[in-house]
Every structure is written in C-alpha cells, then in structure tokens.
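The values are calculated or read from the model by the stated rules, or taken from the named source; none is laboratory data. What you are looking at is a predicted structure, and each value in this text was computed from that prediction instead of being measured. Note that we place each Cβ from the backbone using ideal geometry, even for glycine, and neighbour counts take in every protein chain shown. The area values use the complete protein model at the heavy-atom level, side chains included, leaving out ligands, DNA and RNA. Shrake-Rupley method; radii C 1.70, N 1.55, O 1.52, S 1.80 Å.
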Amino acid sequence: MESTGRRRMEASGGERPDGQRPGVPDGLTQPLPADRQGSIQEIDYEARHYINAARQLVSSRFVDPAEAGREVVRGEPIRKRCSLYLPAGYEAAPADARCDVLYLLHGVGGDHREWLDGSGQAGGRPLLAAILDRLIAAGDIPPTIVVFPNGRSAVDWTDRSFNTEGTNMLGFYYFDYELRHDLIPFIDARYRTKAAAASGVPGGDGQGGRSHRALAGLSMGGMQALNLGLGGFRHDSAVFAGGASRYGNGLVPTVPAPGMTDLFSAVGAFSNAPTSSGGQRLGASIRAAGFAVRQLMLVCGDEDLLVQSSFEEALDGLKEAAGERLGSLLREIVPGGKHDFGVWTYAAYRFLLAAFGTSGSTGN
C-alpha cells in the first residue's frame with residue numbers, strides 16, 4: 001500500500017495540481033482510537049545554563065566570555081518545563097526499542113504548549129499529535145519522540161511578553177547552551193532514544209546520535225533553529241549592546257553562536273523571524289563546523305509579510321556557502337499562507353517526513 005507521506009510529498013512543492021493550497025492530507029488529521037494514540041506529558045528538568053536577572057550567562061561549565069558575548073558566572077539551577085509526545089506503545093515496548101527525537105520550538109509569544117494548543121483539535125486531540133499518531137501507525141516515520149521546550153533560557157522563562165529589553169527575550173538567543181548541556185542529556189538519559197544508544201554514552205550527547213535528532217521551530221523558534229542550530233548571530237537589545245536595529249524592533253546582532261550541527265543532522269525553519277542570520281553566514285558556519293546537514297527545510301507563506309524578507313535572506317547564498325556539507329535544501333513558499341498554524345502544521349508534517357521518513361515515504 002502506498003504511504004500517505006509519498007502521495008502528499010509529490011504534490012507539495014508550492015501550488016497543488018488542482019490549484020488548491022497545499023495542506024496535510026485529510027486522512028492524517030483524523031484521530032486514531034485511543035489505544036493507538038501517543039501520550040502527551042509535561043515534565044520538569046533542571047537548567048544550569050540560562051540568562052540571569054543581571055543579563056549574565058549562568059553556566060555550570062567553563063564558557064569563554066568572548067564566545068558568549070557577556071559575563072559568564074556560576075549560579076543555582078532553575079526548574080523548567082517542557083511538553084513531550086511519546087509514540088503509542090512506548091511504555092510497553094521492549095527495552096531495546098528506541099526512538100528518533102524532534103525538538104520543536106515555539107514562537108516569541110508562545111511556550112512549550114504552543115504547538116499542541118495552537119495547531120487546532122482533531123476529535124478533542126491536538127492536531128499535531130493526531131498527525132504524528134497517523135504517520136507512525138502508517139510506517140511513514142519510525143516511532144518518534146517530540147520534545148516541545150520553552151525556548152527562553154532565562155530566569156524569567158515563563159514571561160511571554162514581547163519586551164526587547166527583557167531577559168526573557170535575551171534568553172531566546174542563549175537557548176543553545178541549555179539545549180546542549182541540560183535538555184538533550186536529560187531526554188537521552190530518561191527516554192529510550194536512538195541518539196543516546198548511537199553516541200555510546202548513556203544519557204550523553206555524542207555525535208554518533210545526530211542522524212536520529214532533528215531541530216525545527218516556528219517564527220522565533222525558526223530563527224533559533226537557524227541562528228543557534230546552524231550558527232548565526234545572537235542578538236540583544238540596542239539599549240544594552242549599542243548600535244541601531246535594522247529590524248525596527250530594538251534588537252541588534254552581537255556575537256556568533258557556534259551552531260549545533262554536531263548534534264542535529266536535520267533542521268527546519270518555518271516562517272523564521274526577522275533576526276535570522278543571512279544565508280551566507282549560515283552556510284559558512286555549516287561548512288566550517290565540518291558536520292553534514294543532510295536535510296534543511298525553510299517554509300514560509302506567500303502572504304506572510306512579517307517575515308518574507310528574513311525568509312529570503314536566510315536562503316540567499318546559503319547552499320553555495322555550505323558547499324558539500326549541505327545535503328538536501330528544501331525551500332517552500334505556501335500559496336495563500338500567512339503567519340499562522342495553517343503554514344506551521346503543514347511545515348511540521350513536511351519536515352517530519354524529510355527528517356525521519358522511512359524508505360518510500362519522503363518523496364525527496
């Protein structure tokens with residue numbers, strides 16, 4: 001039987017043959033019976049890397065202040081929360097049954113619940129969860145864990161206000177330290193991930209597991225996937241960093257982030273926010289890091305006036321600068337797409353197939 005993933009992917013490069021806007025196939029948006037549904041949990045963990053009230057980077061290990069672009073200090077860990085999707089049958093599966101992991105990031109006004117609460121409902125179930133259930137049940141992707149973090153690495157991480165001078169905003173640009181040193185080791189130690197097994201270090205974040213991890217996000221989370229995942233610039237308020245903001249939002253670039261291509265081989269950015277770095281910078285970082293990015297996907301709606309320029313700038317010269325270190329670069333403009341979950345849920349569906357799709361389901 002032909003997979004639902006392949007049927008959709010062959011008609012998803014922009015306008016569909018019937019002239020309609022691309023979308024998730026209807027068959028994937030219907031909830032499965034309860035015994036075939038994955039579970040959704042909220043879990044707490046310790047973050048030892050975050051921005052404190054004095055705008056310093058708190059770290060439990062040595063970080064060069066020149067790399068961080070600010071003073072680095074020791075401090076007490078903070079308790080943070082993330083949401084988690086576990087595939088159906090995870091608890092009853094054999095001890096050697098392991099999963100791929102997608103880390104899916106929210107937007108500037110969202111939190112760890114945004115993807116689940118904002119994507120809509122399917123029979124009382126979060127739409128994205130219903131899509132995951134169906135893709136896994138059909139064999140289009142292997143059993144996959146999805147982690148929904150709160151992407152603000154700051155002492156006030158629960159503050160969702162848009163305040164470019166706030167530490168909650170600054171925390172978006174330092175999430176890579178928390179993700180690398182706190183959240184990924186926590187997930188790999190607590191859950192049966194393929195990445196932990198491949199790294200050869202229980203609970204570790206070794207490079208052997210990078211083909212079993214993916215990173216993606218919407219809007220501000222899309223910026224994080226690019227700037228922090230691939231290696232672009234951190235930003236801070238011009239009030240503290242000086243200079244003038246070219247974005248009109250009070251934020252200016254400061255120091256480059258080292259990237260995390262040693263941890264992720266697939267990266268997706270959906271409607272990436274205006275502070276996303278340009279393609280030449282991102283591509284050069286991919287090349288310099290020395291780790292192949294096998295899948296990179298950028299998606300934006302053609303009516304999304306908020307981020308069209310940042311979407312195009314992030315692509316400009318990227319493939320050429322990355323060279324042979326970049327495998328598949330998937331660029332999609334969604335006809336009629338705006339800055340909303342109509343684009344983002346579709347993009348997440350596309351990305352799941354591109355990052356983890358089984359043979360015959362990716363359509364690439």
- Residues of the range 247-261 being open to solvent by 50 Å² or more (accessible area, probe 1.4 Å), part of a loop (DSSP other than H, G, I, E, B) and at negative phi, which ones? 247, 258
- Task: Just one of (1) in contact with a helix residue (DSSP H, G or I) (Cβ under 6 Å, 6 or more places away or on another chain); (2) assigned to a strand (DSSP E or B); (3) open to solvent by 20 Å² or more (accessible area, probe 1.4 Å) trips up residue 294, so point out which.
- Result: (1)
- Going through the range 338-364 one residue at a time, which ones are modelled with pLDDT of 95 or more, surrounded by fewer than 23 Cβ atoms within 10 Å (Cβ to Cβ) and either in a loop (DSSP other than H, G, I, E, B) or of a type in the set (Phe, Trp, Tyr) (or both)? 338, 339, 340, 341
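In the range 302-322, is there at least one residue being more than 20 Å from residue 246 (Cβ to Cβ), open to solvent by less than 40 Å² (accessible area, probe 1.4 Å) and outside any helix (DSSP H, G or I)?
So far as the range 302-322 goes, no, none of its residues is more than 20 Å from residue 246 (Cβ to Cβ), open to solvent by less than 40 Å² (accessible area, probe 1.4 Å) and outside any helix (DSSP H, G or I).
So, restricting to strands (runs of 3 or more DSSP E) that lie completely within the range 52-148, which ones have at least 1 residues that are charged (D, E, K, R) and either out of contact with any strand residue (DSSP E or B) (no Cβ under 9 Å at 6 or more places or on another chain) or surrounded by 21 or more Cβ atoms within 10 Å (Cβ to Cβ) (or both)? Give the derivation first.
Values: elements: 78-86, 100-105, 144-148.
Hits in the range 52-148: 78-86, 100-105.
Just to be sure, is residue 134 of a type outside the set (Phe, Trp, Tyr) and in contact with a Gly (Cβ under 6 Å, 6 or more places away or on another chain)? Quick ask: steps written out before the conclusion?
On the way: of a type outside the set (Phe, Trp, Tyr): yes; in contact with a Gly (Cβ under 6 Å, 6 or more places away or on another chain): no.
No: the conditions fail for residue 134.
Only residues that are without any contact (Cβ under 8 Å) to a residue 60 or more places away in the chain and assigned to a strand (DSSP E or B): list them for the range 29-42, please. Break it down into steps so the answer makes sense when it comes.
Of the residues in the range 29-42, the ones without any contact (Cβ under 8 Å) to a residue 60 or more places away in the chain are 33-35, 39, 41.
Passing the criteria: 39, 41.
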- Which one of these is at pLDDT below 95, in contact with a Lys or Arg (Cβ under 7 Å, 6 or more places away or on another chain) and of a type outside the set (Asp, Glu): 22, 17? 22
- Item | Selected residue (only one of 244, 288 is among the aliphatic types (A, V, I, L, M), open to solvent by 10 Å² or more (accessible area, probe 1.4 Å), farther than 22 Å from residue 58 by Cα and part of a loop (DSSP other than H, G, I, E, B)) | 244
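I need a count of the residues in the range 271-299 that are out of contact with any Asp or Glu (no Cβ under 6 Å at 6 or more places or on another chain) and closer than 14 Å to residue 221 by Cβ. Steps first, answer last, please.
Looking only at the range 271-299, we keep the residues that are out of contact with any Asp or Glu (no Cβ under 6 Å at 6 or more places or on another chain), and these are 272-277, 280-290, 292-298.
Now narrow it down to the ones that are closer than 14 Å to residue 221 by Cβ: 272-276, 297-298.
So the count comes out to 7.
Within the range 333-359, track down each residue that is over 21 Å from residue 103 (Cβ atoms) and within 17 Å of the chain's Cα centre (by Cα).
Residues of the range 333-359 that are over 21 Å from residue 103 (Cβ atoms), as a first pass: 333-340, 342, 359.
Residues satisfying the conditions are 339, 340.
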- Out of the range 262-276, which residues are touching a strand residue (DSSP E or B) at 6+ places or on another chain (Cβ under 6 Å) and either open to solvent by 10 Å² or more (accessible area, probe 1.4 Å) or among the hydroxyl-bearing types (Ser, Thr, Tyr) (or both)? 265, 271, 275
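Across the range 205-237, what is the number of residues that are in a helix (DSSP H, G or I) and either under 27 Å from residue 114 (Cβ atoms) or touching a residue at least 24 places away in the same chain (Cβ under 8 Å) (or both)? Write out each step before concluding.
First pass over the range 205-237, keeping only residues in a helix (DSSP H, G or I): 207-212, 220-231.
Still in the running and either under 27 Å from residue 114 (Cβ atoms) or touching a residue at least 24 places away in the same chain (Cβ under 8 Å) (or both): 207, 209-212, 220-231.
Going through the range 205-237 one residue at a time, the tally reaches 17.
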- Task: Consider only pairs whose beta carbons are under 7 Å apart and that are at least six residues apart or on different chains; among these, list those whose first residue lies in the range 258-286 and is more than 14 Å from residue 307 (Cβ to Cβ) and whose second residue is part of a strand (DSSP E or B) and modelled with pLDDT under 95.
- Result: none
